[in-house]
Amino acid sequence: MHLDVQDLRNFYYRSALGRAAQRHVRDELLRLWPENVKGQTVVGFGFSVPLLRPFLADARRVIGLMPGPQGVMPWPAGMPNVSVLCEEVLWPIDTGIVDKLVVMHGLETSQNADALLQECYRVLGPGGKAMFIVPNRGGLWSRSDKTPFGYGRPYTAGQLETLLKAHGFAVERHTGALYQPPTHRRFWLKSGQMWERVGKGVPSIVGGVIMVEVSKQVRAQHKGGLGAAVKKPLSVLEGLGAAEPKPQG
């Protein structure tokens, strides 16, 4: 079940807890992807636009895909719109042109996760990277319906990695984020940065979200028969298999 885009917008842009969550997850994404995206195509699916603003300045193109059941909102504010309403498993993007793909609030709420991952694989180019961000089954955020991470299917790191590998992705690494409790109380909001730093030293199982980075693993093309025809046999093999000459009596 997809959340409504208005509820997502209100959480991330109009609540202190949502702005804190946006900052913590975005900081972790930029730590994992510190490289320059100049000339690259960056795409987000679900409701990942809160994480994409740092890429607007340098990327060749930034696109925020939002599935129909969720709805769409214009983004970014005060700039030309780059958000697009699309079918969940039929994106208006050419095959193999995406360099960076971010999926947040998309996989765990999808009614057809297999088809969605096939579409992710299709649009990602050779050497491209994707970041899947989902609620952590063992974390506090997936147990509270006060945040968007309390909806849909939560995952463990092992479950998510197994699913991604089954769809042709090569898992590069995984980490966690959102170590502060999902509460609007001022003490926890003010100490959020401290909890994120502390969380880096403990297993990601306690984080509110799991972040798994993958790359596109190009499937080998299998061809029947010999890979290449031998145009000129080696001279040492000439005559091999021919009838042996009979001695002259």
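The values are calculated or read from the model by the stated rules, or taken from the named source; none is laboratory data. Keep in mind that what you see is a predicted model, and the values were worked out from it rather than measured. Glycine gets a Cβ as well: all are built from the backbone with ideal geometry, and neighbour counts include every protein chain shown. In case anyone asks, the SASA skips ligands and DNA or RNA and just uses the protein heavy atoms, side chains included. Shrake-Rupley method; radii C 1.70, N 1.55, O 1.52, S 1.80 Å.
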- Query: open to solvent by less than 20 Å² (accessible area, probe 1.4 Å), farther than 27 Å from Val62 by Cα and either polar (S, T, N, Q) or outside any helix (DSSP H, G or I) (or both): does that describe Gly125?
  - Reply: no
- Message: Can you find a residue that is open to solvent by less than 40 Å² (accessible area, probe 1.4 Å) and charged (D, E, K, R) anywhere in the stretch 149-167?
- Response: yes
- For residues that are without any contact (Cβ under 8 Å) to a residue 40 or more places away in the chain and either in contact with a Lys or Arg (Cβ under 8 Å, 6 or more places away or on another chain) or outside any helix (DSSP H, G or I) (or both), tally how many sit in the stretch 13-25. 1
- Query: With respect to Gly158, is the statement that it is in a helix (DSSP H, G or I) and more than 14 Å from the chain's Cα centre (by Cα) true?
  - Reply: yes
- Sort through Leu30, Leu56 and tell me the only one that's surrounded by fewer than 20 Cβ atoms within 10 Å (Cβ to Cβ) and farther than 29 Å from Lys146 by Cβ. Leu56
- When you look at Pro126, is it out of contact with any Ser or Thr (no Cβ under 6 Å at 6 or more places or on another chain) and over 23 Å from Ala166 (Cα atoms), yes or no? no
- Query: Within the stretch 51-110, which residues are of a type in the set (Gly, Ala, Ser), closer than 25 Å to Gly18 by Cα and in a loop (DSSP other than H, G, I, E, B)?
  - Reply: Ala57, Gly68, Gly71, Ala77, Gly78, Gly106, Ser110
- If you go through the stretch 98-105 one residue at a time, do you hit one that is within 16 Å of His167 (Cα to Cα) and at pLDDT 95 or above? yes
- Just need a number here: residues in the stretch 128-147 that are open to solvent by less than 10 Å² (accessible area, probe 1.4 Å) and in a loop (DSSP other than H, G, I, E, B). 2
- Query: For Ser110, all conditions in the list (1) touching a Lys or Arg at 6+ places or on another chain (Cβ under 8 Å); (2) open to solvent by 10 Å² or more (accessible area, probe 1.4 Å); (3) closer than 17 Å to Pro148 by Cα hold save one; what is the number of the exception?
  - Reply: (1)
